[in-house]
Structure formats: C-alpha cells, structure tokens
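The values are calculated or read from the model by the stated rules, or taken from the named source; none is laboratory data. Note that the coordinates shown come from a computational prediction; the quantities given were computed from them, not determined experimentally. Here the Cβ positions follow ideal geometry from the backbone for every residue, glycine too, while neighbour counts run over all protein chains shown. Ligands, DNA and RNA are stripped out before the accessible areas are found, and what is left, the full protein with its side chains, is counted by its heavy atoms. Shrake-Rupley method; radii C 1.70, N 1.55, O 1.52, S 1.80 Å.
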Amino acid sequence: MEQGSGKGAMAKDTVIYMLAKGCEGVVGVLMVSAMSRIYVPEQMGIYSTVNIAVTTIAMFACQWLVQSVMRYINKYEMGGRLREFYSTAFFSWVRVNLAIIFLAAVFLIFINGSGSGFLDAYSMPVLISACFMFITYSSAQLVIAMLAAVRWAKTNLFLSVVNICGKLVLLVLFNKLWGSRIEFIFISYCLLDLFSTVFGVYKLDMFKYIDHKGFDRKVFGDLFAYGFPLMGNLITTQILNKSDVYIITFFQGKGAAGIYSTNYSLVSSAFTMLSAAVMRGSYPTILRTWSEGKKEQAGKLVNEAVRMYLVLGVPAVCGVFALQDVISGVLFDPEYYSGNIIMGPVALGMMFLAVTEYSIKGWELNAMTKQIFYRSLIGGAVNVIINLIFVPLFGIITAAVSTFIGFFAYFLLARYGTRKLLRFKLPIKTYVRIIGSSLLMWLVLMLLKNILPQNILSLGGMVVFGIIIYFGTLIVSGELKGELAVVIKKKGRSV
C-alpha cells in the first residue's frame, strides 16, 4: 500500500465514519435531552450507576476480545485462517457470557433473598434488564469491531444510524405507553444492540466459518496475550471516565449524580463519537500498513490521523466552553442546568484522552500492551484521589476538573513513554493555525450568545456560524490546502 493510497483510504473511511458518528451524535444529544425530561435526577442517578456497572463489567470480561479481534482479523484473513479465527473468537465470547450470566444469577438470587434495602432503589426489573443488556452490548461491540477492522465502513454507518435512532424511538414509545420506568432504557438498548449483532454476523458471513472443532488454542493465546493487558487500560480509562459518579453518589446523593452524569454524558458521548470516527477511519489502514512491514509509512499515517482529530477536536472543546450554559439550558430540563459548569473541563479531558489513543499506538502495534496498563493505572489513581479529597468540599465541579487532570496525566505518561517507538510530530504552524482559528471562533460565540435569545434555533445557528468562522479561518491560514487541492482535483475529473 503506497502512502498516498493509504492516506486516501484513511480519509475516505474517516469521512464515512464522521457521517455515521455525526448522525449518532445528533440523535445522542436528542436522547440525553429526552431522558432529562422523562426522568428526574434521582432516576438518572440510578440509571447511571447501573449502566456504568454493566459497561465496566463488559470491559473487564469482553473488551480484551474486542481489541484483539480488531488487531488480528487482517492477519488471519491474509493467512487464510478465518475458520480458526472466527471459531476461537465466537466460542471465547460464549464462555465469557455464560460465566457472567451464572455470576449475575447468583447475585440476583442473593439480593432477592437478603432482605436488604438495595432493591428499594435498584428494582429487580432494572437489574434483570441490565443483565440482558450486558449480553447484547458485548456482542454488538465485538461484531462492530470486526466490521471496522475489515473496513466495512458503510455497514458500520448503517448500523450506527439505525442503532441510535431506534433506541431513541423505543425509549420514547415505551415511556409514552407505560410510564417513566428506568428499565425501558436498558430494554431499548438490548433490542437495538441485538439487531446490530445479528445484522453484522450476517454481513460477515461468520457462521460459514464457525465450527466447534475450529477453536484453536494458539489463536486464543495470541488474542489473550494481546488483549488481556489492555483490559487494565480499559478499566482504568473507565475509572477515569465514570468513578466520579459513584463518588458523587456517596458524598452528594443520587440527585447530584444524576445532574452530573446527564451533563457529563452529553459531552462525553459527543467526544467519544468524534474520536471513534477518526480512529475507526484511520486505525485499520494504519494496522494493515504496519502488518505489511511499512513501519515508517505507518508512522506518517498516525501523524495524519492526529492532525485530523485535532482539526475537529480543538474547536469542539472551545465551542463547549463558549456555549455550555446555553447547551444545558436549551436541551435539558431546568433541574439539570446547574451541572453545565462541568462541560468545559470534561471536553478538554476527553480531547486529551483521544490524543492519548494515538500516543499509545507505538505500544499497541508492538504488542507492548502492559506499558499502556501501567500508565493508565496512574492516571486513574490521580483521578480517584482528587475526587475522594475534594468532591465532599467543592461538589461536582471537582469531578470534572479531576477528569481533565487524570486524562492529561495519562497523556503525558504515554507521550513520554512512546517517544522512541512511534511518536507523532506535527509542525508548530499546524498547532498555531488550529488553536488560533478555534480561539477566534470561541470569541465570536461568546459575543453571539450575549446578543441572541437562548433557544434551540439560536443554539443551532451559533453552532453553524461557529463552524463557518473556524473552517473559513483555517482555509485562509493554509492549513487545509492539501484537502482543498484533493477536492478541486476530483471536481476537475468529474467535469
């Protein structure tokens, strides 16, 4: 794969994923907004703690497999060993889910017979629906990772749109018919993740290859050796992301946790989708280039991927800082407005987390995943310690600031640790152009929000105008000269 074709494939996939994640982000915002109007803060606090528990257990139990199949599917496909690969991945997933189902059943039986007050807050329907969500969530994550690795970007686009739109429709429908019950959130997630899993398995034609005799211990060893150390990284990242909700619940109550998590989830989901769009568009091309032995070219592709993310991520952070009060006031029920102060610090932290994902590529591509775990553990510890000390004193703003500090510490450790392996390096002028254009956009938005009324139309108009100002400035600065040349060249061919 030549460098030009590699960059072209990466850019094409990134555009497709940006469309998917952009749609997913818009509908995700609508979903968080709808949930803030359907559920009171105490209910959102309960939902958040259960959802975090499910996704954390899924990370511990299954993400090692998700990360491994994305890393190795191209290798086994090129080697003509898809039967062993798919069979090993499938039966590993089955065993993990059976073990989790057994442990969940024991837990539910114990809780039901204990007579404790736990079930007064966390009802049995909520817990059972959350258990089913674990199965469908882990399944969908595995299949979507495979689709991303083999560059089936259009299928991922379709599934992303259907998945998030379907969840919103079902959530609103269930609550209109039967009232605001928390389990309806998990049930809507279950049904749409199940659809994504079945559709993805069908498109990959997996069952043509799956055979109980195809389970290969060596393949399992490769997957486990690569993925297991990453579990530590994923769990500590989850701690960085979500432990604050439990700490706030303990010190401030479920209502404060609901306010915090609702404002947090809007920013977190938007930045996660942005990061996922660039990563899923770029990483398969980087990985295939690395697998072909073209390490220098892979390094250049990493540089380009980081640049693409910063072009999108830095203005997003500035936009959140400028409009956080308007966003919360317009999109959420008034009970949640006080949490808008956390949006800016969380956005900044999420941006550094995304850049860290590229910093650790040197360790990932060299299968040195233990190094990732050690660094992420330090970042997670910093986050938890700050929260335990200062949340009781200063409330939810502490948790937002500690999120930024923890992610920034993780970034510095990763950046320093991989400096001799695969270090991205961008020209100073690129940083100046991106940051300068973003600050100009921030200034314009700050002026506009003090002039315009605070409603959904004004918010949408300010976002669109901010985008025009930012990209217009970036074009004038010459930062997008290469992209514009490609567009003009393609238009010239089509004429």
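Worth pointing out:
- Note on segment 145-167: residues that are at pLDDT below 90 and either closer than 18 Å to residue 28 by Cα or not hydrophobic (A, V, I, L, M, F, W, C) (or both) total 13.
- Scanning segment 415-441 for residues that are touching a residue at least 60 places away in the same chain (Cβ under 8 Å), surrounded by 15 or more Cβ atoms within 10 Å (Cβ to Cβ) and within 25 Å of the chain's Cα centre (by Cα) yields a total of 5.
- Among the residues making up segment 176-196, those that are open to solvent by 20 Å² or more (accessible area, probe 1.4 Å) and of a type outside the set (A, V, I, L, M, F, W, C) are 176, 179, 180, 181, 189.
- Every residue from segment 116-152 that is among the polar types (S, T, N, Q) and not in a helix (DSSP H, G or I): 116, 123
- Under the condition of being of a type outside the set (A, V, I, L, M) and free of Cβ contacts under 8 Å to residues at least 40 places away in the same chain, the residues counted in segment 396-414 number 1.
- A search for C-beta distances below 8 Å between a residue of segment 123-144 that is free of Cβ contacts under 8 Å to residues at least 60 places away in the same chain and any residue that is open to solvent by 10 Å² or more (accessible area, probe 1.4 Å) and basic (Lys, Arg), counting only pairs 6+ apart in sequence or on different chains, returns 125/181.
- Residue match in segment 363-380 (condition: of a type in the set (Phe, Trp, Tyr), outside any helix (DSSP H, G or I) and crowded, with 18+ Cβ neighbours inside 10 Å): no
- Remark: residue 145 matches the filter, which requires a residue to be open to solvent by less than 40 Å² (accessible area, probe 1.4 Å) and under 23 Å from residue 98 (Cα atoms).
- Qualifying residue in segment 147-158 (condition: in contact (Cβ under 8 Å) with a residue 12 or more places away in the chain and farther than 30 Å from residue 286 by Cβ): no
- Condition check for residue 270: open to solvent by less than 10 Å² (accessible area, probe 1.4 Å), in contact with a helix residue (DSSP H, G or I) (Cβ under 7 Å, 6 or more places away or on another chain) and touching a residue at least 60 places away in the same chain (Cβ under 8 Å): no
- Selection count, segment 442-468, where residues are under 27 Å from the mean Cα position of the chain (by Cα) and over 23 Å from residue 334 (Cα atoms): 6
- Among residues of segment 70-83, those that are part of a helix (DSSP H, G or I) and open to solvent by 20 Å² or more (accessible area, probe 1.4 Å), counted: 8
- Annotation: of all residues in segment 56-69 being of a type in the set (A, V, I, L, M) and open to solvent by 30 Å² or more (accessible area, probe 1.4 Å), the one that is nearest to residue 245 (Cα to Cα) is 57.
- Selection of segment 317-340 for residues being among the hydrophobic types (A, V, I, L, M, F, W, C), open to solvent by 10 Å² or more (accessible area, probe 1.4 Å), closer than 19 Å to residue 262 by Cβ and touching a Ser or Thr at 6+ places or on another chain (Cβ under 9 Å) yields 330, 331.
- Cβ pairs under 6 Å, 6+ apart, first in segment 312-332 and farther than 16 Å from residue 272 by Cβ and at pLDDT 95 or above, second open to solvent by 30 Å² or more (accessible area, probe 1.4 Å) and among the hydrophobic types (A, V, I, L, M, F, W, C): 318/442; 322/442; 322/446
- Any hit, segment 289-296, residues being of a type in the set (Phe, Trp, Tyr), touching a helix residue (DSSP H, G or I) at 6+ places or on another chain (Cβ under 7 Å) and modelled with pLDDT of 80 or more: no
- Residue 477 polar (S, T, N, Q) and modelled with pLDDT under 85: no
- Breaking point among (1) at pLDDT 90 or above; (2) within 30 Å of residue 368 (Cα to Cα); (3) not in a helix (DSSP H, G or I), for residue 451: (2)
- Among the conditions (1) of a type outside the set (Lys, Arg); (2) in contact (Cβ under 8 Å) with a residue 60 or more places away in the chain; (3) open to solvent by 10 Å² or more (accessible area, probe 1.4 Å), the only one that residue 289 does not satisfy is (3).
- As a summary of the residue check, residue 124 satisfies the conditions (1) in contact with a Leu (Cβ under 9 Å, 6 or more places away or on another chain); (2) open to solvent by less than 40 Å² (accessible area, probe 1.4 Å) except for the one numbered (2).
- Selected residue (only one of 339, 349, 313, 344 is touching a helix residue (DSSP H, G or I) at 6+ places or on another chain (Cβ under 6 Å), closer than 17 Å to residue 26 by Cα and assigned to a helix (DSSP H, G or I)): 313
- Meets criteria (farther than 20 Å from residue 290 by Cβ, in a helix (DSSP H, G or I), open to solvent by 10 Å² or more (accessible area, probe 1.4 Å) and among the aliphatic types (A, V, I, L, M)) for residue 391: no
- Yes/no for residue 113 being free of Cβ contacts under 8 Å to residues at least 24 places away in the same chain and outside any helix (DSSP H, G or I): no
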